[in-house]
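**Q** Before anything else, here's the structure in question.
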Amino acid sequence: MKADYHIHSNFSDDSTEDLDQIALSAIHQNIDEICITEHVDYGVKLDKDEWEKSDKKLEMNADYERFFPAMDTLREKYKEQLTIKTGLEFGMQTITIEPFQKLFNKYPLDFVILSCHQVDNLEFWTGEFQKGRKQDEYQHLYYEEIYKVIQMYKDYSILGHLDLIQRYSDTIEPPLKKHFDIIEAILKQVIHDGKGIEINTSNVRYKLEDLTPAYDILKLYYELGGEVITVGSDAHVAEDVGDRLDISYDVLREIGFRYITTFDKMKPAFHKL
Ligand SMILES: [Zn+2]
Ligand SMILES: [Zn+2]
């Protein structure tokens, strides 16, 4: 089983890729299953109806009214060659839980990635969140935000790129060195709730030496009893679909994992590695 469970198309604000090109790229590489996971970031992006009325300074969330029918069409078109699942990547914050809960209740999803891209509507990728804070402090606040969100919100499948803040930090240090307690608490909560984490293979594209999340976090998750795990390229272009899936499966086997996970209507299915 080869499955890429983190892919963006032009329904995400930061991609211009066509759904068909993504499906064809997956088929070309003999991938068995893909899940499209478009961005939704309440607080810093607007749903289409509000966006159209706005001054358009903010970006737009995935256009749900077009996205779900487009996914049905895509699934039907390639059903002989590829299994295609419908997901979203929720960029959640403690201050935006309510609209995400409404969204989840409204649409039929196979899979939800719970990510943390901002805290207090301050973005990491622009450096706004880190500004005026020491690295230990902003990193701790990042993990604390995730911990708080998963206390309050349970309708998700896996945590996306768990140590994302590494990508936007001043210096690279092993995340468990300074933040072991909070990361362990997050992983224990995830396992307790029957949720999972992912390997996000964009680490090489971002020139990070370690995996995302770091190898030691994957190992800790396994040692704590974690079993639910997906691998996703976080592709925003068709060429990156399926990036480093095989290498990631080898890493998981080496740690001791025996299964990778796929999802159907939010229910996990386990496939031998
Ligand atoms: Zn993300
Ligand atoms: Zn993503």
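**Q** Name the single residue, out of those in segment 135-163 being in contact (Cβ under 8 Å) with a residue 40 or more places away in the chain and aromatic (F, W, Y), that is farthest from T262 (Cα to Cα).
**A** Ranking the qualifying residues of segment 135-163, first place goes to Y143.
**Q** Run down E89, E38, E33, E52 and say which single residue is charged (D, E, K, R), more than 16 Å from ligand 1 (Cβ to nearest atom) and closer than 22 Å to T261 by Cβ. Don't jump to the end; show me each part of the working.
**A** Values: E89 fails: more than 16 Å from ligand 1 (Cβ to nearest atom); E38 fails: more than 16 Å from ligand 1 (Cβ to nearest atom); E52 fails: closer than 22 Å to T261 by Cβ.
Being charged (D, E, K, R), more than 16 Å from ligand 1 (Cβ to nearest atom) and closer than 22 Å to T261 by Cβ holds for just one of E89, E38, E33, E52, which is E33.
**Q** Please enumerate the residues belonging to segment 234-263 that are in a loop (DSSP other than H, G, I, E, B) and either among the aliphatic types (A, V, I, L, M) or within 16 Å of ligand 1 (Cβ to nearest atom) (or both). Explain how you work it out, then say what you get.
**A** Step one: list which residues in segment 234-263 are in a loop (DSSP other than H, G, I, E, B), which gives 234, 236-237, 241-244, 256-258.
Passing the criteria: D234, H236, V237, V241, D243.
**Q** Then there's this: Would you say K219 is farther than 23 Å from L88 by Cβ, part of a helix (DSSP H, G or I) and of a type outside the set (D, E)?
**A** Numbers: farther than 23 Å from L88 by Cβ: yes; part of a helix (DSSP H, G or I): yes; of a type outside the set (D, E): yes.
So K219 passes the test.
**Q** Further, regarding this structure: What pairs come up if the first residue lies in segment 247-259 and is closer than 12 Å to T201 by Cβ, the second is among the aromatic types (F, W, Y) and surrounded by 14 or more Cβ atoms within 10 Å (Cβ to Cβ), and their beta carbons are under 8 Å apart, counting only those six or more places apart or on different chains?
**A** Within 8 Å, the pairs are V251/Y215.
**Q** Out of all the residues in segment 53-75, is one or more part of a helix (DSSP H, G or I), in contact with a strand residue (DSSP E or B) (Cβ under 6 Å, 6 or more places away or on another chain) and basic (K, R)?
**A** Scanning segment 53-75 turns up at least one residue that is part of a helix (DSSP H, G or I), in contact with a strand residue (DSSP E or B) (Cβ under 6 Å, 6 or more places away or on another chain) and basic (K, R).
**Q** Of the residues V231, V190, which is in contact with a strand residue (DSSP E or B) (Cβ under 9 Å, 6 or more places away or on another chain), buried (at least 16 other Cβ atoms within 10 Å of the Cβ) and not in a helix (DSSP H, G or I)? Give the steps one after another, and end with the answer.
**A** Details: V190 fails: not in a helix (DSSP H, G or I).
Going through V231, V190 in turn, just one is in contact with a strand residue (DSSP E or B) (Cβ under 9 Å, 6 or more places away or on another chain), buried (at least 16 other Cβ atoms within 10 Å of the Cβ) and not in a helix (DSSP H, G or I): V231.
**Q** Would a scan of segment 164-184 turn up a residue that is within 16 Å of ligand 1 (Cβ to nearest atom) and under 23 Å from I260 (Cα atoms)?
**A** yes
**Q** While we're on this one: Could we say that E145 is of a type in the set (D, E), within 16 Å of ligand 2 (Cβ to nearest atom) and buried (at least 17 other Cβ atoms within 10 Å of the Cβ) here?
**A** Numbers: of a type in the set (D, E): yes; within 16 Å of ligand 2 (Cβ to nearest atom): no; buried (at least 17 other Cβ atoms within 10 Å of the Cβ): yes.
When the stated conditions are applied, E145 does not pass them.
**Q** Do you know which of the residues in segment 38-75 that are under 23 Å from G242 (Cβ atoms) and touching a Phe, Trp or Tyr at 6+ places or on another chain (Cβ under 7 Å) is surrounded by the most Cβ atoms within 10 Å (Cβ to Cβ)?
**A** Applying the filter and picking the extreme gives A62.
A short reminder: the numbers here are calculations on the coordinates, not readings from a lab. Since the model is a prediction, treat every value here as computed from it, not as a measurement. Virtual Cβ from ideal backbone geometry, glycine too; neighbours counted across all protein chains shown.
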